[in-house]
Amino acid sequence: MAAMEAAADAMLAAASRAFCSSVAVYFQIQGCCIALLLALGWAVASFVRKKEVRKMRRKMANGHSFAFLCDDVDELEHSVQEKLPRVSVIMPLKGLGEHNLQNWRTQITSLYGGPLEFLFVLESKDDPAYQAVSRLIVEYKDKLEAKVVIAGFSTTCSQKIHNQLVGVEKMHKDTKYVLFLDDDVRLHPGTVGALTKEMEKRPEIFIQTGYPLDLPSGSLGSYCIYEYHMPCSMGFATGGQTFFLWGGCMMMHADDFRQDLYGLVTGLKNGGYSDDMTLAAIAGQHKRLIWSPPVAVFPHPLASDLSFSRYWNYLRKQTFVLESYVSKVNWIMNRALFGVHCYLSWGFVCPYVMALVHIATTLRAPYSGIVKEAAESSCGLKLVSFLLICTLTELVSMWNLTRVEIQLCNMLSPEGQQDSLRSYNWGLVFVAVLVDNFLYPMSAFRSHFSQSINWSGIRYYLKDGKVFKIERENSSKYTDLGGKHLYGKKTYPSGKSLLGYLSISLAQWHQPKKYDI
């Protein structure tokens, strides 16, 4: 036993000295710098969102009670509303989760004053979402223009892209703008109007987008997803031009699809796996503008039973998109993202591993001469102290951005469910930061070497960056971040002016968090 203890002490002392070498110190300082850069990015993002909050508060203080809908109350006049362009909202659906009905209600109760149609697109009537969304349409039949579209099974691209393109084919002939939405985000009543206003004001916009604010359910998996999205949120909090695109909210010119501009329809249909990555690559290639307004942030409630294995599959899906591409330039960009993200992820985690050795050395030093000698000649505690300061700075900045975005979302949906920062567990957030950054490179390398993934019960195979083979594996019971039921037992129960519409819609806005289906 004494021999083993002496050997352990010798190893600990050797590790402590090694982690104080110039190379090790470099990596530890690098990790601290990454944390500080994240903190700075979140601080800038919170400034942009906070400016929008202040602007809305000023307008409300000046008597503009509908500042959450528009900047100028005169925009609510009937003469202005009747000139608004037609918008088609296309939502590809897959499965039924605990938050879906709540999300769909926030989407269809939009307070957009112009012509607006909703197309709910499913692969088949056997999908559990079919009956639920059909009843929802019947419930609101006198207040909206909506229909369910059965797209059939995809054969040359991902099911989501297939559903989107079928929805485009079925949209109204007079539609000027098409808005693609995921079914797992809560929309604000003024979102469609705000996005349309930007498109009208800036015709040069190719795609307008937004980003979700994750609402963790309490599990480690949900916090890992929240942590994964937070660094990406910086690219969407520019208050204007951005190079990033999120497929959960994309508004585009309908004629771009009718004319197959830049071959975007062809590129999506023929082997497309990721809608946002494909369209972002096309926008970059042709130097077209992607725009993200400051109000385009949407609450994204995560499933209460989101397991760690489902998080891992989601991470696999996110890294798998880097294996798809539409051009050589797109391939180079994806490879660069692959390398940089992997390097930064493990570069971020590395100092914490070294810090554990420095802390263990300090704790063991009073009981071992060799360890005490290593501790006295070590700069470990100074490095640990610097890392602690950087970590706290990073977490406070993340907390502040989340606080501001929750505040903004609550103001944009005054009659909706009010979210709170109190539900966040910041101890789990810290653990999730380490876990997610440790696992990301593993997921990325697995995606690269496997070239296949099972998502929503469908396995996709890539070849030369395009989907070339699709297998449907109905063994999956759940999918996505909302814990949707895919193939389980399906049982269901039996079943003017803008201001005038506002009063009707807001009266129905209060809905329970979960629905019994």
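The values are calculated or read from the model by the stated rules, or taken from the named source; none is laboratory data. These figures come from a predicted structure and were not determined experimentally. All Cβ positions, glycine included, derive from the backbone under ideal geometry; neighbour counts span all protein chains shown. Protein only, heavy atoms only, side chains kept; ligands, DNA and RNA dropped before computing areas. Shrake-Rupley method; radii C 1.70, N 1.55, O 1.52, S 1.80 Å.
Restricting attention to the stretch 388-410, the residues being open to solvent by 30 Å² or more (accessible area, probe 1.4 Å) and closer than 24 Å to Gln107 by Cα number 2. Consider the stretch 196-218 and keep the residues that are assigned to a loop (DSSP other than H, G, I, E, B) and open to solvent by less than 30 Å² (accessible area, probe 1.4 Å). The one that is farthest from Asp182 (Cα to Cα) is Pro216. Say whether the condition of being over 30 Å from Met354 (Cβ atoms), of a type in the set (D, E, K, R) and at pLDDT below 90 is met by at least one residue in the stretch 368-388. Among the residues of the stretch 368-388, not one is over 30 Å from Met354 (Cβ atoms), of a type in the set (D, E, K, R) and at pLDDT below 90, which makes the answer no.
Screening Thr238 on (1) within 22 Å of Asn330 (Cα to Cα); (2) among the hydroxyl-bearing types (Ser, Thr, Tyr); (3) open to solvent by 10 Å² or more (accessible area, probe 1.4 Å) shows it passes everything except condition (1).
Across the stretch 149-194, the number of residues qualifying as small (Gly, Ala, Ser) and in contact with a strand residue (DSSP E or B) (Cβ under 7 Å, 6 or more places away or on another chain) comes to 4.
Comparison of Ala8, Ala39 shows that the only residue that is open to solvent by 20 Å² or more (accessible area, probe 1.4 Å) and either modelled with pLDDT under 95 or part of a helix (DSSP H, G or I) (or both) is Ala8. Being under 15 Å from Val48 (Cβ atoms) and part of a helix (DSSP H, G or I) is a property that does not hold for Ser222. For the stretch 16-26, filtering for residues that are in a helix (DSSP H, G or I) and buried (at least 18 other Cβ atoms within 10 Å of the Cβ) leaves 2.
Find the residue count for the stretch 118-161, including only residues that are open to solvent by 40 Å² or more (accessible area, probe 1.4 Å) and either in contact with a Leu (Cβ under 9 Å, 6 or more places away or on another chain) or assigned to a helix (DSSP H, G or I) (or both). Selection size over the stretch 118-161: 10.
Within the stretch 43-64, if we keep just the residues that are out of contact with any helix residue (DSSP H, G or I) (no Cβ under 8 Å at 6 or more places or on another chain) and not charged (D, E, K, R), the residue that is least open to solvent (accessible area, probe 1.4 Å) turns out to be Val48. For a quick check of your reading of the model, give me the residue pairs whose first member lies in the stretch 243-271 and is over 20 Å from Lys287 (Cβ atoms), whose second is assigned to a loop (DSSP other than H, G, I, E, B) and basic (Lys, Arg), with beta-carbon atoms closer than 9 Å and at least 6 apart or on different chains. That search, which allows pairs on different chains as well, returns Ala254/Arg86; Ala254/Lys176. On the stretch given as the stretch 215-234, residues that are of a type in the set (A, V, I, L, M) and within 16 Å of Ala35 (Cβ to Cβ) total 2.
Anything in the stretch 109-132 that is farther than 19 Å from Val168 by Cβ and β-branched (Val, Ile, Thr)? List them, or say none. Answer for the stretch 109-132, where residues must be farther than 19 Å from Val168 by Cβ and β-branched (Val, Ile, Thr): just Thr109.
If you check Val80, Val87, which single one turns out to be within 18 Å of His188 (Cα to Cα) and either more than 28 Å from the chain's Cα centre (by Cα) or modelled with pLDDT of 95 or more (or both)? From the options Val80, Val87, the qualifying one is Val87. Might you check whether a residue that is in a helix (DSSP H, G or I) and over 25 Å from the mean Cα position of the chain (by Cα) occurs anywhere in the stretch 319-335? Yes: the stretch 319-335 contains one or more residues that are in a helix (DSSP H, G or I) and over 25 Å from the mean Cα position of the chain (by Cα). Here the stretch 282-314 is the region considered, the condition is being of a type in the set (A, V, I, L, M) and open to solvent by 20 Å² or more (accessible area, probe 1.4 Å), and the residue that is modelled with the lowest pLDDT is Val295.
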